[in-house]
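For reference, the structure is listed below as structure tokens.
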Amino acid sequence: MGLSAVLAGAMALSMTPGPVIGILSRFFIDDLGLTRTEIGAIATFHAFAIMITSIPFGVLADRLSGRYTQVLMLLFVFLGLMTMSFSWDFWSLLVFGGIAGLPAAGANSATNNIIVDNVPAGSRGWITGIKQSGVQIGILVAGLTLPVTAERVGWRMALVLASLVALVGIASTLAVVPSAPRAPAPAREAGMRRSRLPVAVRWLSAYGITMGIGVGTYSAFVPLFAQENLDMGVTLAGTVIAVSGGSGALCRVVWGWIAERSGHPSVPLLAIGAISAGAFAATWVAAYTSPYLIWIGAVLVGASTGAWMSVGMMAAIMVSGPKQTGQSTGSIVLGFAVGLTIGPVVFGWGVDTFGTYDLPWAGVVLNFAAAMAMMLIWRFRARSAEACE
């Protein structure tokens, strides 16, 4: 139980800086004079930092250990949030937001390796789901507390207080996670393993792009959409993100259990793609029908788009060869980060250019249709290969 809690906490802290950009977007716009396109660009650069460092951090987790890689990621959480609190314009927030993106690049690799080293097969689905639920718990807590704290003491102090929690995470990791350093592999062998990652990792990485587009768009712009199109206040709009986080925290545990027992990863991922399309469609039409739909959308986003990583990470653990877990995880996170990079800036540009959220929302829904088609093709090919054996 202690290990599960520490892993979930590390994931919560490592992944929270991304949603923070959306949760505090109104403060950034009002105080720093940013545009919606610039908010999207900051979220995109944050994701770009994840993209370019995910595989190197995955290799580091394989070569060093999950324990010490996790400590390093939590140190980046502290530095990222602390420096963001000192931002004075678009460019400074862009750079500091990039630093805050580094933990998300290595947290999955670190925690997956800790699970492989310390949890026997057959029990990994639940603990993977629990540790992935930490991401949504972090979003839930951030969505509920940051807007209120920012309104009372200012957004800068809210970020400072959030950064201090990372120090608690570091102490907990060192106290609870066993020390199990991995022997460094020869450079030639490591290079060979990196070039021979399972084909399944490529499918998961490609699927991750579509999920990244959805997650990046939702976390960066749903609070602003709720404020501008549904007349919600800052605190209530932040609660929308919190609801998606709470839903995802529960569903990630379930998806982790399902993933370990499903015949093929494409099956649960196909279902996640379908639910995601419905969730974003509900969010979109809330402005034209009933504002209650945004809450239904938030629950469904948490249950699908926000929970897909439980399946992706369990699949990475299951398909990876010896000492490949970090590299496989890094590759999947890379795909996800590509989507995070693309989604927010394109969405923000679309809103600024066309003066409406309609076309950007439609684009994201079509993105999930593509995710479903991808999983159908993968499943068909996998069955054909099984039939030929």
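If we count trypsin sites (Lys or Arg not before Pro) as exposed when they sit in a DSSP loop and have at most 16 other beta carbons within 10 Å, what is the longest stretch of the chain that avoids them all? Segment 197-389 is the longest. For region 2-388, the equivalent ellipsoid derived from the alpha-carbon gyration tensor has semi-axes of 31, 25, 18 Å in decreasing order.
In plain terms, the bigger the Kirkwood radius, the slower the diffusion; for region 261-353, with that radius from Cα pairs, at 4 °C and 1.567 mPa s, Stokes-Einstein puts D at 86 µm²/s.
Would you compute, from DSSP H runs of 4+ residues alone, the mean residue ellipticity of the chain at 222 nm, taking -39500 (n - 2.57) per run and dividing by the full residue count, rounded to the nearest 500? Before the final figure, lay out the partial values.
Values: 16 runs with 329 residues, N = 389.
Computed mean residue ellipticity for the chain: -29000 deg cm²/dmol.
Modelled this way, with points 7 Å down the Cα-to-C-beta line, the labels at Phe380 and Leu236 are 4.6 nm from one another.
The Rg/Rh ratio for region 1-117, using Cα coordinates for both the radius of gyration and the Kirkwood hydrodynamic radius, is 1.03.
Over region 246-345, Cα pairs under 8 Å with separation of 6+ residues give a relative contact order of 34 percent. Distance from the alpha carbon centroid of region 57-136 to that of region 295-362 works out to 16 angstrom. Only Cα pairs under 8 Å and 6+ residues apart enter the sum, and on that basis the relative contact order of the chain stands at 28 percent. Each principal axis of the Cα cloud of region 192-297 was taken in turn, and the coordinate range along them, longest first, works out to 54, 27, 22 Å. Note on region 55-139: the alpha carbon radius of gyration divided by the globular reference 2.2 N^0.38 Å gives 1.25.
Within region 267-363, which chymotrypsin sites (Phe, Trp or Tyr not before Pro) sit in a loop by DSSP and count at most 15 neighbouring Cβ atoms inside 10 Å? Before the final figure, lay out each step's value.
On the way: sites: Phe280, Trp284, Tyr288, Tyr292, Trp295, Trp308, Phe336, Phe347, Trp349, Phe354, Tyr357, Trp361; in loops: Tyr288, Tyr292, Tyr357.
Here the chymotrypsin sites (Phe, Trp or Tyr not before Pro) that fit, given the DSSP loop and packing criteria, are Tyr288, Tyr292.
With +1 assigned to the C-beta of every Lys and Arg and -1 to the C-beta of every Asp and Glu, and no other charges, what is the dipole magnitude of the chain about the Cα centre in debye, to the nearest 20? Please report the intermediate quantities before stating the final value.
Numbers: 20 positive and 15 negative charges, 263 e Å.
Dipole magnitude for the chain comes out near 1260 debye.
Loop-located chymotrypsin sites (Phe, Trp or Tyr not before Pro) in region 61-122 (DSSP state not H, G, I, E or B) with no more than 13 neighbouring Cβ atoms inside 10 Å: Phe86, Trp88.
The numbers here are math on the coordinates, done by the rules we state, and not lab data. As the structure is a computational prediction, the values presented were derived from the model and not from experiment. Cβ: placed from backbone, ideal geometry, glycine included. Neighbour counts: every protein chain shown.
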